[in-house]
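Asker: Below is one structure. I have some questions about it.
The values are calculated or read from the model by the stated rules, or taken from the named source; none is laboratory data. Remember, predicted model here, so these are calculated numbers, not experimental data. Here the Cβ positions follow ideal geometry from the backbone for every residue, glycine too, while neighbour counts run over all protein chains shown. Heads up: the accessible areas ignore ligands, DNA and RNA and are worked out on the full protein's heavy atoms, side chains in. Shrake-Rupley method; radii C 1.70, N 1.55, O 1.52, S 1.80 Å.
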Amino acid sequence: MGEKFMNVMLVIAAKISNNRIMSCIKDAFTDLMPIIIAGSFCTLFSNVICNTTPGYVSLANVPGMAWLGALKPLFDNANYGTMNMMAISIVILLSMKVAESYGNHDRAVVIVGLASYISLVTTTAQANASNGETITIANVLARQYTNAQGLFVGMIVAIAAAMLYVKLVQSGKLQINMPDSVPPNVARSFAVLFPAALTVLGISAFGVLFLAITKMTLFDAITTFIQTPLKNILTGLPGFMFLMGCTVILWWFGIHGTQTLKGVYEAILLQAFAENEAAYMAGEVPPNIINTPFMSVFGTVTGAGITGGLLIAILLFSKRDDYRSIAKLAIPCAIFNINEPVTFGLPIVMNPVLGIPFILSPVVSVGIGYFLTKIGFCARMVVNAPWTTPPGIMAFLASGGNFGAAIAQILVILIAFVIYVPFVLISNRQQNDQEG
């Protein structure tokens with residue numbers, strides 16, 4: 001039964017990892033991460049260093065440091081250019097990744113993907129005039145179409161546009177051939193003219209037809225019936241605990257579970273994070289407990305499986321020289337949340353004894369993190385600190401400077417330590433039995 005389950009899991013993981021679209025989504029979000037981190041730190045600097053609001057705890061409100069308030073627009077503008085352009089960025093990156101996966105490296109595909117996406121969104125907005133009259137403003141692009149709220153629709157459109165464009169180009173039936181005297185770059189522009197135009201027009205026509213039939217824009221329909229239910233599942237505690245369990249089960253089989261499932265959860269958790277970050281910038285209460293930095297702080301701290309707890313347990317209670325030697329070598333990596341040395345060195349992979357606490361620890365950890373956040377001991381996460389930031393410091397930064405979050409992150413490592421201890425003791429007995 002166990003072997004059958006293992007084979008099923010390996011097949012599923014292999015299909016996810018080798019799936020063209022899932023790989024493209026994962027790679028696109030990986031490329032986007034530096035921009036997200038940069039925008040996150042702009043949020044942190046704007047509020048913790050430059051905020052001059054009376055009564056607000058910031059460096060700018062320290063006597064003699066008010067001049068820091070003049071730097072706030074710098075960080076606010078940079079934040080808007082990064083965090084509020086995530087949907088646009090993912091359309092660009094993902095359309096490029098999908099086209100490249102089919103061997104097409106045309107730069108035009110990026111513009112085709114972006115134009116296709118813009119063709120589906122509403123470009124008018126309603127506003128109230130000073131006299132109470134409602135007026136319509138034309139030729140605007142609302143923030144909901146450019147920020148994380150548009151990520152899911154942007155992904156779908158980028159994939160569809162890139163695939164359609166590539167298929168039309170590869171067919172060769174719509175190519176305009178220019179004389180040899182025409183420069184290659186100009187000739188290529190004419191060669192892809194009809195595929196590019198037909199792709200944008202086709203997706204735009206689909207959007208118009210969808211609106212005529214359903215009386216809803218495609219954007220609103222996807223957001224309402226797909227994106228919102230997925231968000232409710234993945235940002236709810238049961239759904240997120242299930243996600244964490246799946247990632248570490250894959251790790252136990254020797255598969256990078258976090259990266260394998262990244263294409264499934266990344267857009268949803270990033271949207272939840274962006275909503276928190278926007279609320280924090282506006283001085284409001286962040287709405288989501290679970291988001292991208294929450295996963296880093298409580299789900300993968302010291303590495304998948306919260307293996308920092310295992311290292312402490314080994315150093316204090318293990319009598320196995322092989323375990324202790326590997327643990328000592330793995331400590332510097334664990335400080336920066338890298339655990340491959342211990343995962344593959346002990347190994348934890350396919351180890352039935354250590355596999356149990358390895359799977360259990362992060363599930364318990366996110367549950368505790370959720371509870372401590374719910375009761376207000378730990379602040380909600382509003383900054384996407386780099387995943388290699390050491391424990392304690394990571395939670396402090398991710399929460400916008402909350403000491404309760406730092407304490408909570410250290411606490412979950414200690415709880416993981418308690419979970420691992422009995423299994424380390426079992427490993428001691430296991431070695432004795434083998435030697436006997």
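Asker: Looking at residue 234, is it free of Cβ contacts under 8 Å to residues at least 60 places away in the same chain and surrounded by 14 or more Cβ atoms within 10 Å (Cβ to Cβ)?
Answerer: yes
Asker: Here is a list: 298, 336. Which entry is of a type in the set (Phe, Trp, Tyr) and either within 30 Å of residue 143 (Cα to Cα) or modelled with pLDDT of 95 or more (or both)?
Answerer: Going through 298, 336 in turn, the sole match is 298.
Asker: Scan 74, 68, 94 and give me the residue that is at pLDDT 95 or above and not in a loop (DSSP other than H, G, I, E, B).
Answerer: Selected residue: 94, the only one of 74, 68, 94 that is at pLDDT 95 or above and not in a loop (DSSP other than H, G, I, E, B).
Asker: Another question about this same structure. Could we say that residue 9 is of a type in the set (A, V, I, L, M), modelled with pLDDT under 90 and under 17 Å from the mean Cα position of the chain (by Cα) here?
Answerer: So residue 9 fails the test.
Asker: Just to confirm my filter: which helices (runs of 4 or more DSSP H) fall fully inside region 135-228 and include at least 1 residues that are among the basic types (Lys, Arg) and touching a helix residue (DSSP H, G or I) at 6+ places or on another chain (Cβ under 9 Å)?
Answerer: Once the helices (runs of 4 or more DSSP H) in region 135-228 are filtered for at least 1 residues that are among the basic types (Lys, Arg) and touching a helix residue (DSSP H, G or I) at 6+ places or on another chain (Cβ under 9 Å), what remains is 151-171, 184-191.
Asker: Hey, another quick one. Working only within region 384-403, note down all residues that are over 20 Å from the mean Cα position of the chain (by Cα) and crowded, with 17+ Cβ neighbours inside 10 Å.
Answerer: Within region 384-403, 392, 401, 402 meet the criteria.
Asker: May I ask you to verify whether residue 148 is touching a residue at least 12 places away in the same chain (Cβ under 8 Å) and either open to solvent by less than 90 Å² (accessible area, probe 1.4 Å) or touching a Gly at 6+ places or on another chain (Cβ under 8 Å) (or both)?
Answerer: Answer is yes for this residue.
Asker: Let me ask something additional. Somewhere in region 397-420, is a residue at pLDDT below 95 and under 14 Å from residue 308 (Cα atoms)?
Answerer: Checking region 397-420: not a single residue is at pLDDT below 95 and under 14 Å from residue 308 (Cα atoms).
Asker: Give the residues of region 107-128 that are assigned to a loop (DSSP other than H, G, I, E, B) and open to solvent by 30 Å² or more (accessible area, probe 1.4 Å), sorted by residue number.
Answerer: Listed by number, the residues that qualify are 107, 119, 122, 123.
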